[in-house]
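In what follows, a structure is listed as structure tokens, so that the remarks can point back to it.
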Amino acid sequence: RNVSTGMAIAGVILLAKSVKLTTKFTNALEIPIEFIEKNVKLRGRLHRIAEQGLEIEHVPISLPIISSLQRRWHTDGLLLVRLAGVELTPDGTVWLKKELKPSQMMWFQLLGRKDSMLDCLVVVSKGRFSSFCLNEEILKQGLGRTVQVEGLTHESRIYWKLYKRLLQAELKAVKRNKGIWKEATFLEKLRETISNNKYIQRLKQFATWLRIRL
């Protein structure tokens, strides 16, 4: 009976290792190409918001039977994740640093890979029973622009489905005049017109010259 149990556990370990269910990825190049092609969702813990993207520690599936062995397999390293389909503004980076907390758990769906960078759809938990897509939220706040989704072909169904979602999120910011889509007020436009007027600029130069002379 003990032998059978031991063989069963060994079988689980071999199966888990073979399909990489319990593998902790510490580099984008370690992720199997089939994971990218099938747009697999991975779980991770945020470490830092860098200039290039989010630095996330991959947290793999944990199997209670082999949890102690899993810890031996795991190595250190962070994945660099970019918000797919989003061109982030500097204000967007500031917003991310304000809204996201270190060690915050999140899911990231693999859409593409370029060198050591992963293009992903990132979902963050909000409370116990709700969550939101970080890519869409950035666009809703007017803190980024929709761009081509890297890693997906235009023929793929998921490309147009995702692109539509991102455009709809961006449109909400445009309608609400949020972030980069905020229209200048009448006074702001008037000040800009005056400051750019050549006649006004010459008057300022003359006033400066006169002040120096006197």
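Each label point is 7 Å from the Cα along the Cα-to-Cβ direction; what then is the distance between the points at Lys175 and Ser62, in nm?
Between Lys175 and Ser62, the simple spin-label model gives 4.3 nm.
Order these peptides, 137-143, 35-41, 84-90, by their mean beta-carbon neighbour count within 10 angstrom, highest first.
With the highest mean Cβ count within 10 Å placed first, the list reads 137-143, 84-90, 35-41.
What residues qualify as long-range amide H neighbours of Leu79, i.e. H under 5 Å apart, gap of 5 or more or another chain, H built at 1.01 Å from N?
Amide H to amide H, under 5 Å and 5 or more residues apart or across chains, Leu79 pairs with Ile56, Glu57, His58.
Quick one: accessible area per residue over region 85-183, 1.4 Å probe, rounded to a whole number of Å²?
Details: 6050 Å² over 99 residues.
Accessible area per residue: 61 Å².
Work out, step by step, the length gained on full extension between Asp76 and Leu29: first 0.36 nm times the residue separation, then minus their alpha carbon distance; give nm to one decimal.
Details: separation 47, 0.36 × 47 = 16.92 nm, distance 1.46 nm.
Here the answer is 15.5 nm.
Simple spin-label model, 7 Å along Cα-to-Cβ: Ala50 to Ser125 in nm?
Distance between the two pseudo-spin positions: 2.6 nm.
Give me the lysines in straight-line cross-link reach of Lys24: C-alpha distance below 30 Å, same-chain residues under 8 apart excluded.
In chain and number order, the partners are Lys38, Lys41, Lys97, Lys98, Lys101, Lys114, Lys126, Lys161.
Efficiency by 1/(1 + (r/R0)^6): what FRET value for Ser156 and Glu183, r their Cβ-Cβ distance, R0 = 35 Å, to the nearest 0.05?
Details: r = 36 Å, r/R0 = 1.03.
Plugging the Cβ-Cβ distance into 1/(1 + (r/R0)^6) gives 0.45.
The values are calculated or read from the model by the stated rules, or taken from the named source; none is laboratory data. For clarity, every value in this text was computed on a predicted model and none was experimentally measured. A quick note on method: Cβ atoms are made from the backbone with ideal geometry, for glycine too, and the neighbour counts reach across all protein chains shown. Note: areas computed on protein heavy atoms with side chains; ligands, DNA, RNA excluded. Shrake-Rupley method; radii C 1.70, N 1.55, O 1.52, S 1.80 Å.
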